[in-house]
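Everything on this sheet refers to the single structure shown next.
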Amino acid sequence: MQKNTTLTKFNKIFPWYSGLSGDLLFWIAIDTLFLSVVKNFNSSQIVSLTSVSLLTCILLQMPLLKVIKKIGNTNSVRLGSLLLLVSSLLLTFGQNYITIALGKVVYEIAFTFQNMVNAILKNNLELQNRSDEYIKIKTKSNTVYATATMIISFIASPIFNLNNYLPMFGCIFFCFICFILSFFMIDFSNYNNVKTENKTKVKMHYSRLIIVLLVSYGLFYPIVNSGQSNGKLFIQQELLLDFNVEKTALIIGFILSISRIVRVISNISFNKIHNKYKEKVGVILPILLLLSIILMIIGSFIEFSLIVKFSIMSLGYIIILFIRDPFKVYMQDLALRNICKESQQTLLTTMELYRKIVRAIMSLSFTMILVNNPMIAVIAILLILSIVEILIGIKLYKLVLERKVIKNEKYINYGNR
């Protein structure tokens, strides 16, 4: 009875914990502004922080996985939440580049540990015979995150103008709240700590489905990340050709506000979309990704109407925000459905490792390309990669269907015995 009560409490708290700990709230809204105005960092230093933290985390990924296996899912989530709090303190009060860089490294490491909350959710839902509700509950948590970041996008700048440190105090406050909530994120299954429960070492089996899933996830998210950042810059460059800086800032702000609202809508509606299209979602979302990039490219060539030009480009950018969260939820659910419990920690960590490696490669490559080429060159490369992602998505869809057929045949054969 007590366990059921605790599980019910977990179900209620999870969307709030997962949503509010999805990133460093407030920091993501004013990070470059805070670093340049308060810390007096130049553009080169700000850009290098991401590369340093990302590459460091990639190198540490395997040692971090060993720690996760040793301490288990529950303690990993608590440690991840604590590290996010530490990161917010380092970023706020650090007075030199090394301290801020350390804060960014801790920030990246924190999410490696915190990612185990997805395994906890899946395991606890299965204990309640509710494993098919994973997408429903994860969508709720993404809605909390999208709503929080939308509100913050409206108030962060005015608060920053009142006092440069106020947004970061808000960041620290939310990190502290999430650290408290992390003590309710308990894995009640026998797979919280695989090493303890199983004395024999379990080696993860990379089936064709899992390999294609890793490739699809590892490529899709860097395209989305690059499409979001470079797409915004692409639109900004086109705006500056026709408007002054003040009008450009207002239009960009308006586009970002609309995109945040659309992101909330996508999370609210995704559960219904998934229930309708099921596994086809894995193909539909990459198609929408391709469409978003096509719209930005087409819009950039329109000359007869500025309204039409920037409406089309903005629609392309907004679509990226619409598909971002649903794809992650779907792929995590698909991964956890098709792997043994002993390999959950390894798979979730490997998915993030692939994403970070591809993201780092793309970031460095695009930086070199932009030295002598216009932004349209990068967008064109993203277009080609999006087509590749669709082909991978189709292959993944076929493998998922094959897996379902095999499972059904085994079930029928077992029933006829």
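The values are calculated or read from the model by the stated rules, or taken from the named source; none is laboratory data. Computed from a predicted structure; not experimentally measured. Glycine gets a Cβ as well: all are built from the backbone with ideal geometry, and neighbour counts include every protein chain shown. What goes into the accessible areas is simple: the full protein's heavy atoms, side chains included, and nothing from ligands, DNA or RNA. Shrake-Rupley method; radii C 1.70, N 1.55, O 1.52, S 1.80 Å.
The solvent-accessible area of Ser365, taken with every protein chain present and a 1.4 Å probe, is close to 40 Å². Remark on the range 7-56: Rg and Dmax equal 16.2, 49 Å (Cα only).
Packing, as the average of other Cβ atoms within 10 Å across residues, places the peptides 169-178, 150-159 in the order 169-178, 150-159, highest first. Remark: spin-label model distance Lys9-Leu55 equals 4.6 nm, labels positioned 7 Å along the Cα→Cβ axis.
Test of understanding: extend the Cα→C-beta vector of Gln45 to 7 Å, then name every residue of the range 69-88 with backbone N under 20 Å from that spot. Within reach of a label on Gln45, which here means backbone N under 20 Å from a point 7 Å along Cα→Cβ, the range 69-88 contributes 87-88.
Label-to-label distance for Lys398 and Tyr97 is 5.0 nm, based on points extended 7 Å past Cα in the beta-carbon direction. Tell me, what is the per residue accessible area of the chain in Å², probe radius 1.4 Å? Solvent-accessible surface per residue comes out at 47 Å². When a/c reaches 1.5 or more, the comparison of a/b and b/c decides; with that in mind, is the range 77-175 rounded, prolate or oblate per its Cα gyration tensor? It is oblate, given that a/c is not under 1.5 and a/b is not larger than b/c.
Subtract the Cα-Cα distance of Leu364 and Ser157 from 0.36 nm times their separation in residues, and report this length gain in nm to one decimal.
Details: separation 207, 0.36 × 207 = 74.52 nm, distance 2.98 nm.
Between Leu364 and Ser157, full extension yields an extra 71.5 nm.
Taken over the alpha carbons of the chain as equal point scatterers, the Debye sum produces base-10 log I(q)/I(0) values at 0.10 Å⁻¹ of -0.71. With the simple model of a label 7 Å out from the Cα in the direction of the Cβ, Ser229 to Phe188 spans 4.1 nm.
Can you tell me which aspartates and glutamates have their Cα less than 14 Å from the Cα of Lys138? Leave out same-chain residues fewer than eight positions away. Filter leaves Asp325, Asp333. For the residues Leu55, Leu85, Leu289, a GNM of the chain with alpha-carbon springs under 10 Å puts the largest fluctuation on Leu55.
Given the convex hull over the Cα atoms of the range 288-403, what projected area results after averaging over all orientations, in nm²? Could the numbers behind the result be given before it?
On the way: hull surface 34.7 nm².
Average of the hull's projected areas for the range 288-403 equals 8.7 nm².
At a 1.4 Å probe, what is the % contribution of carbon and sulfur to the accessible area of the chain? Taking all protein chains in place, the chain shows 65 percent carbon and sulfur surface. For Arg78, the accessible surface of its heavy atoms amounts to roughly 60 Å² (probe 1.4 Å, protein chains only, rounded to the nearest 10).
What does the extension gain come out to for Ile294 and Phe173, with contour length at 0.36 nm per residue minus their alpha carbon separation? Write out the running numbers ahead of the final one.
Working: separation 121, 0.36 × 121 = 43.56 nm, distance 4.08 nm.
My answer for the length gained is 39.5 nm.
By a 1.4 Å probe calculation restricted to protein chains, Tyr330 has an accessible surface near 0 Å², given to the nearest 10.
List the pairs from Lys136/Lys341; Lys70/Lys404; Lys122/Lys328; Lys276/Lys328; Lys276/Lys404 whose alpha-carbon separation is above 25 Å, in the order I gave them. Don't skip to the end; give the middle numbers.
Working: Lys136/Lys341 21 Å; Lys70/Lys404 33 Å; Lys122/Lys328 15 Å; Lys276/Lys328 18 Å; Lys276/Lys404 17 Å.
The answer is Lys70/Lys404.
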